[in-house]
Every structure is written in C-alpha cells, then in structure tokens.
Amino acid sequence: MLDEADCMDDLADIVREQREALKNNNQRGSEFVNNLNDLMDETREIFFEAQLLEGQRDDLAKKLAARFNCEPRASALSNAMTASDRAEFNTAADRLTQSVFILKSEMLILSGLIEHNEKYSAMLISEWRRLAGESSQADLNFMG
C-alpha cells in the first residue's frame, strides 16, 4: 500500500507540473508541446506502475482475506489482524486513501484548467476567423 501511495503521490506531482505548464505557458510553441509530451510520457509510466501495484495489492488483499476468512476490504482485514499489525496496516491504508484523494483533487483542478484553456482557445480562434473574414471582405470591397 505504501508503494502504491508513493506512486499516487508521484502522479499528483506530475499533474501539478502539467497544470503549471498550462498555466504559465511562457515557452515557445514547440518547447511547450515537448514539455507537455514529456510530462505525459512520465504520467503514463507512473500510471502503469500504479496499475501493477494495484493488482499486487488486490491479490495480497484476497490472499489475506482467505487466510483471515473475511472480505478483502481494508476494514475487514484490519479487524482480523493483531493490534500491532493493525496499527501499521491502518497507517498504510490511511496514507493510500489520502494519496488517492490528493491525486483526484489535482486531476479535477487540471481538468478545469484544460476546459478553461479549451474555451479560451476556441474564443481566440473564433475572433481570429472573424477578423480574417472582415479583412478578406475589406479587401474585396477595396477591389470592387
């Protein structure tokens, strides 16, 4: 669980970097795109690692549940453990829960920023087309 929590924390860090890159677009076009592509590549790598760790955690939970004759849920597993194991287990479960919550929050913020940027870009393109159309119309009027 702690390895998976570390992975979630790494993903949250990458999402923050993506958000900052979108928010502070001070780079030239190709530099900006390359930076975002690098961040996306890193995101994919960490995501695949997280999926692997999730599968391992799920398998271990099922094995422990079979051993303790309970459901493979954190609360059921915790209740079946000794007090010393329970404390360590609950700490790890809480850390994972917190890391997932933070990642979800960061993803929500990034999604909002992307949506905002999409609307802003669409507005700029629309205005550019309008101005380009007016310019073309003015050229036609001048010639005619």
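The values are calculated or read from the model by the stated rules, or taken from the named source; none is laboratory data. Nothing here was measured: the structure is a model prediction, and the numbers come from that model. Virtual Cβ from ideal backbone geometry, glycine too; neighbours counted across all protein chains shown. Surface accessibility is based on the protein's heavy atoms, side chains included, excluding ligands, DNA and RNA. Shrake-Rupley method; radii C 1.70, N 1.55, O 1.52, S 1.80 Å.
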Discussion item. For K119, give me every one of the aspartates and glutamates with a C-alpha distance below 17 angstrom, ignoring sequence neighbours fewer than eight places off in its own chain.
Written reply: E127
Fill in: Rg in Å to one decimal, and Dmax rounded to a whole Å, for the stretch 1-67 via C-alpha atoms
16.4, 58
Discussion item. I'd like the carbon and sulfur percentage of the solvent accessible area for the chain, probe radius 1.4 Å, heavy atoms only, ligands and nucleic acids excluded.
Written reply: 55 percent
Discussion item. Beyond 18 Å, how much of the Cα-Cα pair distribution for the chain remains, as a whole percent?
Written reply: 70 percent
Worksheet item: Across bins of 5 angstrom width beginning at 0, how are the C-alpha pair distances of the stretch 59-106 distributed, in whole percent?
Response: 5, 22, 24, 23, 13, 8, 4, 1
Worksheet item: Setting aside same-chain residues fewer than 8 positions from K62, which lysines have a Cα under 26 Å from its Cα?
Response: K104
Discussion item. Compute, for the chain, the length of the dipole vector about the Cα centre, with Cβ point charges of +1 (Lys, Arg) and -1 (Asp, Glu) only. Units Debye, rounded to 20.
Written reply: 500 debye
Worksheet item: Accessible area per residue of the stretch 1-124 at 1.4 Å probe, in Å²?
Response: 68 Å²
